[in-house]
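Let me begin by presenting the structure, written as structure tokens, before commenting on it.
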Amino acid sequence: MTTLYEEIRPEPHGGIPVRRVTITVNGEKRVAEVEPRLLLAHLLRQGFKLTGTHTGCDTTNCGACTVLVDGVPAKSCTMLAVQADGHEVMTVEGLASASELHPIQEGFKDEHGLQCGFCTPGMMLTAKALLDENPDPTEDEVRWALSGNLCRCTGYQNIVKSVLWAAAKMRPAAAADQDGS
Amino acid sequence: MSQALDEIKIGGLGASRKRVEDNRFLRGKGNYVDDIVLPGMLHMEILRSPLAHARIRSVDASKAWDIPGVRLVLTGEMMATRNLAWMPTLSYDTQAVLATDKVRFQGQEVACVIADDPYIAKDACEAIVVDYEPLPVIVNPTQAMAEGAPLIRDDKENQHDNVVYDWEVGDKAGTDAAFARADRVSSLELHYPRSHPSPLECCGSIADFDRSTSKLTVYMTTQAPHIIRAAVSMVAELPEHMIRIVSPDLGGGFGNKVPVYPGYVASILASILLERPVKWIEDKSGNLISTGFGRDVYLQGELALRNDGKILAVRMHTDADHGAFFSDAQPSKFKIGLMHSAFACYDIPYAHLTARGMYTNKAPGGVAYRCSLRVTEAMYFQERMVQAAADDLGIDQAEFRRLNFVRDDDFPHRTPFGFLTDSGQYGKCLDVGLQAVGYENFLKQKEEAKKRGRLLGIGISTMTEPLGAGNSREYDILGIKMFDSAELRVHMSGKAILRTGAKTQGQGHETTWAQIVSHELGIPAEDIVVEEGDTDTAPFGMGTYASRSTPVAGAAVAMVSRKIRAKARKLAAHLLEVSEEDVEWELGRFYVRSARDRGVTIQECAMAAYSNMPDGMEPGLENNAYYDPPNLTWPFACYIVTVEVDPQTGVWDVLNVVAVDDCGVRINPMIVEGQIMGGLTEAYAMASMQFITFDAEGNCVGSNYMDYLLPTAWETPGFELHEVVTPCPHHPIGAKGVGECATVGGPAAFVNAVMDALKGTGVRNIDMPLLADRVYEALTLRHDVSGAPPVKTDDA
């Protein structure tokens, strides 16, 4: 992130010392100076302008803020930014390539797996972690994997279908990769 | 050449068109209020009362002012000097913006801090010292009515008790007479617990007052931007044209984002004082303990019955707990919303409803939580009473309903409380549902299971509900009539932009409104952009809640399209060099009646409107429509749920959920089904776990997602959906509202199923949510279980 200048507050952060963190976000190395108490969700949203990560409940219940930390779903509203120092973080902005949606995104669109869209980034990242580990989940396995993410609009049935849609779409590719190796 | 357009292919009426809004949501590129950052923006936090009822002795904010980065501390006293300590509610009451004299519920707004970042603002809130003198607390209507009860609204001159209103509707004499000649009377008492709509996104605003232009722009989470503009104009005494309300993407609403909240007002004042943008983003606890709740109504219900199963009359009394301020968002004329829509699907000659509202030391609200204004309570009471009556008479619950349904050839039908229903096939919906669930077979299974000590139950809920307020004769909010609007601009290439007075929160208006235009004009849906939520650009409308968008704004979209088509017809006649009478319309194209091959497309007409209009014709192809519906729309639904109750624990599992919805013509079946499944989930939530209660000191139990339980993908059952289509006779495309039907009709199906499993135990009622301990208590002690607050504590 290059900026020509940055305004420094005369008395930064009430005298709290800042820590420098280096986090690889969606494949790109990002450096920031943060208060130790800054939540990862806030660094991503306000610091790195990645507003696809939403904060819903502040208590680790709703999962709207779910990101992948080294491939594992983490609720970024109850993780400090300093805890992510040296780690790889994936947000919803990292799912699609410039031109193409990720199969999970396609699945959510095709199966009408979202309405207001607020829970969707967290849902999709949790789904990605599931499918990375288990490319052929049952409906129950999908429901269990998503049970840390709340949705108030859809009733989940279409979200589950979306994930199963993506699993089916991703499987032949996964199989082809395995064949090729 | 002149092959007719395939309406489904162009994304018209009936197409399960994929949603256009998904493209940004899926990429994390939605634009919710917290995503908006303005240059120089400050951040506001609210200090809330920890006590439910207390006199404020003093507020000392000096330590907060001393914290570096703090720009402003607002207290009630400061608000009062600007005449902003109190604001009007949507129900002609007043509500404190920041408390001055007393706090009246836990979570009430006491002070605000505006600072350079939200962390500093939160720190500073903690540095404010408030000295409270605790007062006795009221958490239910019985306490509110008790002799010597503390007066909650001592701020109001003529208020000498805790009663908000006494209201009645219906025919008392006729009802009394019918009860006198009844073979028997079936009665039921219950409580519909307080619930919170709890959209995942909390409320928030960014107020941006620009001194150089005197213009106030407010980005905020509102389902009704134009109502908010009117309210802000009134409260802040700013001229309407100098206020711009922008409602960006909303992370759900469900009625929670209709009212005006103190946080909005405080952020506006802060921006005016500081001349900088001020952002307020509520946290989840703030949202759950202070903003618009739903329900919290007690029922005493009676049905006058004939032994052959005919319902002769209905008598209902409701006591509603409104919290500390009467701020229901509802039509002015009706004090308890449309509670009197109860029993609309049954042919009953007499009915009488008395309703009383009470102030308590709980958050204000009474919003239409996925509900057309207290209709959720009405239908729950109705269907619980119907099941109890069927059991009392020993008549099969499905048969009892069929016996009392309004018949298909009886429309239009005047309901016992005076509504006019206009269409429906109630018996058919019930048949479809019973067949889908395998009713007869399940009853046999249930008997078999019972022999082995297993408790199976089946619950039915059938209802028609009034959606799409208003008509303007009867429905207004603060005097503003409940119509809605659409504005359509067709560009010269035949692409178009549509704006409406509604405001989507996930319902998919950007997708479905384009489908209506497509249906009316033959313009492919992908060629139409839909915008809502900006009062500077959208036509005046009442917003989206109470399932009114399709019935009202959707109708306006059809009507404005027809105006455009009427003008396009003149352009077509000009282009085809024939008289207008000789021009015929088919989807997307006008042609000469006598020569079908000679025609022009709607796109060619659009081009002509800007480049080749006939002499004397006003150029351009745009128009608007304000739609005042002649009546509400009356969708019908039949929900059937089967459950198994574990007698050892009181835990119940859902075996099957069948939903049959008749919402008239479906614009986008995929989206309609999505709405129904979402609604069923909220119904299951309320029946099983989701509620807000209070202890005797007025502490809110349910102030965060660890206490306020919402079902996850794991608990939520699967749903089987069916449809029946009875077009609405007065809606331009035959559609009816649907967004809330399942939330309204669903809860009774779940509860009736559990109660059916408990049949024979003598238990008449368990209040929602049917928590395992309540079911267990009912089963083992064989008595009704009340859920009314205060909650039992260990030492009680």
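Just so you know, all these numbers are worked out from the coordinates, no wet-lab data involved. Bear in mind that the values here come from a model prediction, so they are computed numbers and not experimental data. Heads up, the Cβs are rebuilt from the backbone with ideal geometry, glycines too, and the neighbour counts pull from every protein chain shown.
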Exercise for review: Report whether or not A:GLU88 is in contact with a Leu (Cβ under 9 Å, 6 or more places away or on another chain), facing chain B (nearest Cβ under 9 Å), in contact (Cβ under 8 Å) with a residue 24 or more places away in the chain and among the charged types (D, E, K, R).
Suggested key: no
Revision key, fill the gap. Sole miss for B:LYS570 among (1) more than 28 Å from the chain's Cα centre (by Cα); (2) buried (at least 19 other Cβ atoms within 10 Å of the Cβ) is condition (2)
Review point. Has the range B:353-361 got at least one residue that is surrounded by fewer than 24 Cβ atoms within 10 Å (Cβ to Cβ), touching a Ser or Thr at 6+ places or on another chain (Cβ under 9 Å) and of a type in the set (Ser, Thr, Tyr)?
Key: yes
Exercise for review: Give just the number: which of (1) in contact (Cβ under 8 Å) with a residue 24 or more places away in the chain; (2) among the small types (Gly, Ala, Ser); (3) over 30 Å from B:GLY309 (Cβ atoms) does B:SER212 not satisfy?
Suggested key: (1)
Study note, to complete from the structure: The residue from B:GLY76, B:GLY28, B:GLY69, B:GLY14 that alone is touching a strand residue (DSSP E or B) at 6+ places or on another chain (Cβ under 8 Å) and at positive phi is B:GLY69
Point to revise | Tally of residues being in contact (Cβ under 8 Å) with a residue 24 or more places away in the chain and not in a strand (DSSP E or B) across the range B:471-490 | key: 8
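Would you mind stating whether A:VAL25 is over 16 Å from B:TYR119 (Cα atoms), surrounded by fewer than 23 Cβ atoms within 10 Å (Cβ to Cβ) and more than 7 Å from every other protein chain (Cβ to nearest Cβ)?
On the way: over 16 Å from B:TYR119 (Cα atoms): yes; surrounded by fewer than 23 Cβ atoms within 10 Å (Cβ to Cβ): yes; more than 7 Å from every other protein chain (Cβ to nearest Cβ): yes.
Taking the combined requirement at face value, the residue satisfies it.
Those residues that are closer than 21 Å to B:HIS43 by Cβ and in contact with a Ser or Thr (Cβ under 6 Å, 6 or more places away or on another chain), I need them from the range A:53-75; list them, please.
Initially, the range A:53-75 is screened for residues closer than 21 Å to B:HIS43 by Cβ, giving A:53-59, A:64-65.
Correct list: A:THR53, A:CYS65.
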Review point. How do the pairs read when you match residues in the range B:112-134 that are at the interface with chain A (Cβ under 8 Å from one of its Cβ atoms) with residues anywhere that are hydrophobic (A, V, I, L, M, F, W, C) and surrounded by fewer than 20 Cβ atoms within 10 Å (Cβ to Cβ), using Cβ under 9 Å and keeping only pairs 6 or more apart or on different chains?
Key: B:ILE120/B:ILE67; B:ASP123/B:ILE67
Review point. Of everything in the range A:59-79 that's within 14 Å of chain B (Cβ to nearest Cβ) and surrounded by fewer than 19 Cβ atoms within 10 Å (Cβ to Cβ), which residue is farthest from B:PRO199 (Cα to Cα)?
Key: A:THR78
Practice item. Would you be able to tell me the number of residues in the range B:651-692 that are in contact (Cβ under 8 Å) with a residue 40 or more places away in the chain and away from chain A (no Cβ under 13 Å)? Key: 17
Review point. Mind checking which residues of the range B:694-709 are surrounded by fewer than 20 Cβ atoms within 10 Å (Cβ to Cβ), away from chain A (no Cβ under 12 Å) and not charged (D, E, K, R)?
Key: B:ALA696, B:ASN699, B:VAL701
Exercise for review: Please indicate, with yes or no, whether at least one residue in the range B:25-32 is farther than 30 Å from A:CYS119 by Cβ and either away from chain A (no Cβ under 14 Å) or part of a strand (DSSP E or B) (or both).
Suggested key: no
Check your understanding: For the range B:53-63, does any single residue satisfy the condition of being under 29 Å from B:GLY251 (Cα atoms), touching a residue at least 24 places away in the same chain (Cβ under 8 Å), of a type in the set (S, T, N, Q) and more than 14 Å from chain A (Cβ to nearest Cβ)?
Key -> no
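Quick one: would you say B:ALA486 is under 19 Å from the mean Cα position of the chain (by Cα) and crowded, with 24+ Cβ neighbours inside 10 Å? Can you show your working first?
Details: under 19 Å from the mean Cα position of the chain (by Cα): no; crowded, with 24+ Cβ neighbours inside 10 Å: yes.
No, not satisfied.
Take the residues of the range B:715-737 that are within 14 Å of chain A (Cβ to nearest Cβ) and touching a strand residue (DSSP E or B) at 6+ places or on another chain (Cβ under 8 Å): which is nearest to B:LEU420 (Cα to Cα)?
Going residue by residue through the range B:715-737, those that are within 14 Å of chain A (Cβ to nearest Cβ) are B:715-721.
Going one step further and asking which of them are touching a strand residue (DSSP E or B) at 6+ places or on another chain (Cβ under 8 Å), we end up with B:717-721.
Details: B:PRO717: 35, B:GLY718: 35, B:PHE719: 31, B:GLU720: 31, B:LEU721: 28 Å.
The selected residue is B:LEU721.
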Practice item. Return only the number of the condition from (1) of a type outside the set (Phe, Trp, Tyr); (2) crowded, with 22+ Cβ neighbours inside 10 Å; (3) farther than 19 Å from A:PRO73 by Cα; (4) within 18 Å of the chain's Cα centre (by Cα) that A:THR91 does not satisfy. Key: (3)
Check your understanding: Looking only at the range B:202-241, which residues are more than 22 Å from B:TRP86 (Cα to Cα) and part of a helix (DSSP H, G or I)?
Key -> B:HIS241
**Study point:** Subset tally (residues that are of a type outside the set (Ser, Thr, Tyr) and closer than 30 Å to B:ARG153 by Cβ) for the range B:29-66
**Key:** 17
Point to revise | Condition met for B:THR712 (part of a loop (DSSP other than H, G, I, E, B), of a type in the set (S, T, N, Q) and more than 14 Å from chain A (Cβ to nearest Cβ)) | key: no
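Taking the range A:127-152 on its own, how many of its residues are over 15 Å from the mean Cα position of the chain (by Cα), part of a loop (DSSP other than H, G, I, E, B), touching a residue at least 12 places away in the same chain (Cβ under 8 Å) and within 14 Å of chain B (Cβ to nearest Cβ)? First the steps, then the outcome.
If we filter the range A:127-152 for residues that are over 15 Å from the mean Cα position of the chain (by Cα), which is where we start, we get A:133-144, A:147, A:151-152.
This time we only want the ones that are part of a loop (DSSP other than H, G, I, E, B), so: A:134-138, A:147, A:151-152.
With the extra rule that they be touching a residue at least 12 places away in the same chain (Cβ under 8 Å), the set shrinks to A:135-137, A:151-152.
Going one step further and asking which of them are within 14 Å of chain B (Cβ to nearest Cβ), we end up with A:137, A:151-152.
The number of residues fulfilling the criteria is 3.
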Check your understanding: In the range A:94-126, what residues are within 10 Å of chain B (Cβ to nearest Cβ), surrounded by fewer than 24 Cβ atoms within 10 Å (Cβ to Cβ) and out of contact with any Pro (no Cβ under 9 Å at 6 or more places or on another chain)?
Key -> A:GLY94, A:ALA96, A:LEU101, A:HIS102, A:GLU106, A:LYS109, A:ASP110, A:GLU111
Check your understanding: Within the set of pairs 6+ apart or on separate chains, which have a first residue in the range B:244-257 that is away from chain A (no Cβ under 11 Å) and in a strand (DSSP E or B), a second that is buried (at least 24 other Cβ atoms within 10 Å of the Cβ) and among the small types (Gly, Ala, Ser), and C-beta atoms under 9 Å apart?
Key -> B:ILE245/B:GLY533; B:VAL246/B:GLY533
Practice item. Look at B:GLY40 and say whether it is assigned to a loop (DSSP other than H, G, I, E, B) and surrounded by fewer than 22 Cβ atoms within 10 Å (Cβ to Cβ). Key: yes
Study note, to complete from the structure: Here the residues within the range B:144-188 that are of a type in the set (S, T, N, Q) and closer than 24 Å to B:PRO790 by Cα are B:ASN162
Review point. Somewhere in the range B:491-514, is a residue surrounded by fewer than 19 Cβ atoms within 10 Å (Cβ to Cβ), away from chain A (no Cβ under 14 Å) and assigned to a strand (DSSP E or B)?
Key: yes
